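Read the structure below first, then the notes.
The values are calculated or read from the model by the stated rules, or taken from the named source; none is laboratory data. If you're wondering where the values come from, they're calculated on a predicted model, not measured in any experiment. Here the Cβ positions follow ideal geometry from the backbone for every residue, glycine too, while neighbour counts run over all protein chains shown. The protein model used for the area step is the full one, side chains on, heavy atoms only, and it has no ligands, DNA or RNA in it. Shrake-Rupley method; radii C 1.70, N 1.55, O 1.52, S 1.80 Å.
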Amino acid sequence: MESIQIAESIAGLRYSVIREMSALAAGMPDVINLGIGEPDFATPSEVIVQALADAGQGHTHYTASQGDPELLCALAERLSNELAAKIQPDSILVTHGAMGALAASLRTLLEQGDEVLVMEPHFPDYLAHITFAGGRLVGVPTRFENGFLPDPEMIERAITPRSRVILLNSPNNPSGAVLPEELLDEIAAIAIRHNLCVLSDEVYDQILFIPEFPSIYTRPGMAERTLIIRSFSKNFAMTGWRVGYCHGPQRLVENMLKVVNYATACTSSVSQRAALAALRLNPAVFAEMTATFKKRAMCLVDRINAIEGLRVHRPQGSFYLFVDVRAVSRNSREFALDLLHEQQVVVVPGYAFGKSTEGFVRIACTSEIPRLLEAMDRIESFVRGRSSSSAT
Ligand code: PMP
């Protein structure tokens, strides 16, 4: 087996740090896992029942590669309302999760060596998707002190003749930051000035703790160069069904369709029926999940900020907190591993989210409040232990 040659681009990729942390915790007694990036809620039973009923009615064949026609129509209606524009079903593509849309868009947009500007901290998987497409990730650092919002000047300075794409994620995994309208205007102006395409990863758009979600798509001139990427995974507690979708310029979507066609043929037919059922369900069901995430997040922010040496911002969306642990440790891997071994709490070390995010850890609010508070007690003991040992 040693003689089998593995492509350098793949051999050089590291395994997911998030999965690695969970694997290390497997088998340990009484572990509290704050590393899990998926809702702890089950998919609503109405969705499951309807999907299975539809399967019984024959929705078990390949669908069109673009997606189940009924789902495309329902998504067009939803997007038209949300974006105050007339969105046609044929400008939408249903994909194997948002991952499918990320992979297909990057493959469609990039030539070998092209650059993608990614704001840090970022969803770790972007690196792999850009690498698979032959591109290069160019990180744009942000600062805790600035609420993890990117500085437009730094974005512009990172642009080279090889830049093709700006990849945004709002609400952000892991920081919970939402890009405000004025900043979106500035980023839009940069994209237009340099003729860049924008991939707007909005998979947490409904898990929002502020009144409005502004999308860069709605800025003047941006509908022609923005691909919105969304998903049923987080908003609808449907991670395992693997349904995402995207909408953007017709020429981009038409070319991405070739990638989806050859890579996956289509998204699972039964899962697409489940997605349709979720869209037809009373939105209050999902709003309640968001309210629960908000309650948990706000409760934890106060608790974390009361621990000497830790600090965290109030998130505006998603279900994550990105905690500054630099006063305790500048090595997030060591912090996470020691915390796991000493207190059996899983957090995700910050280095997974970009070169500039060392000294932070990500916490997911995907457990009930008493369990989250128990984890905070353990983290406090851990931090106190470290402070007292460094004082001696
Ligand atoms: N983008 C972000 C920011 C994410 O956090 C995730 C999932 N963790 C994805 C995309 C992928 O989502 P999906 O399950 O729809 O593939």
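Below, the figures for the structure above:
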read-out	value
20 °C / 1.002 mPa s Stokes-Einstein diffusion coefficient of the range 156-254, Kirkwood radius on C-alpha pairs, µm²/s	150
10 Å-binned pair-distance histogram of the range 271-311 (Cα, whole percent)	26, 28, 22, 16, 8
Scattering profile of the range 226-370 at q = 0.11, 0.19 Å⁻¹ [log10 I(q)/I(0), Debye over alpha-carbon scatterers]	-0.61, -1.12
Modelled label reach - GLU145, point 7 Å along Cα→Cβ, the range 304-328 residues with backbone N closer than 11 Å	none
The range 1-75: C-alpha gyration tensor shape, a/c 1.5 cut-off, then a/b vs b/c	oblate
Normalised alpha carbon radius of gyration of the chain [divisor 2.2 N^0.38 Å]	0.99
Ellipsoid semi-axes in whole angstrom, largest first, where each is sqrt(5λ) of the Cα gyration tensor of the range 1-146	32, 25, 20
Heavy atoms of ASP54: accessible area, 1.4 Å probe, square angstrom to 10	20
GNM top mover of VAL138, VAL285, VAL301 - the chain, alpha-carbon springs below 10 Å	VAL285
Spatial separation of Cα centroids for the range 93-132 and the range 41-69, in angstrom	27
Percentage relative contact order, the range 307-368, counting C-alpha pairs under 8 Å, at least six apart	35
Max mean-square fluctuation residue, GNM over the chain, Cα-Cα springs under 10 Å, options PRO124, PRO370, PRO249	PRO370
Inter-label distance for ARG311 and GLU342, nm, one decimal - labels placed 7 Å from Cα along Cα-to-Cβ	2.2
Three principal axis lengths of the range 139-190 [C-alpha, angstrom, descending]	31, 20, 17
Hydrodynamic radius of the range 298-350 per Kirkwood, over alpha carbon pairs, in Å	11.8
Exposure rank, largest accessible area first [ARG362, ARG219, ARG136; 1.4 Å]	ARG136, ARG219, ARG362
Length-normalised contact order of the chain in % [C-alpha pairs under 8 Å, at least 6 apart]	23
Cα-Cα over 30 Å, subset of LYS258/LYS294; LYS86/LYS355; LYS86/LYS295; LYS234/LYS355	LYS258/LYS294; LYS86/LYS355; LYS86/LYS295
Under-5 Å amide H pairs with THR142, H placed in peptide plane, nonlocal only	GLU120
Highest-fluctuation residue, PHE232, PHE319, PHE132 considered, GNM on the chain with Cα pairs under 10 Å	PHE132
Equivalent ellipsoid semi-axes - Cα gyration tensor, the range 92-228, angstrom	20, 17, 15
Debye intensity ratio I(q)/I(0), log10, the range 105-145, q values 0.16, 0.20, 0.22 Å⁻¹ (C-alpha model)	-0.39, -0.56, -0.65
Relative contact order (percent, whole number), the range 60-119, Cα cutoff 8 Å, 6+ residue spacing	28
Charged-residue dipole, Cβ positions (Lys, Arg, Asp, Glu), the chain about Cα centre, Debye nearest 20	220
Vicinal HN-Hα couplings computed from phi for the range 285-299 (Karplus, 6.51 cos²θ - 1.76 cosθ + 1.60; Hz; Gly/Pro x)	4, 7, 4, 5, 5, 4, 4, 5, 4, 5, 4, 4, 4, 5, 5
Average accessible surface area per residue within the range 241-392, 1.4 Å rolling probe, Å²	42
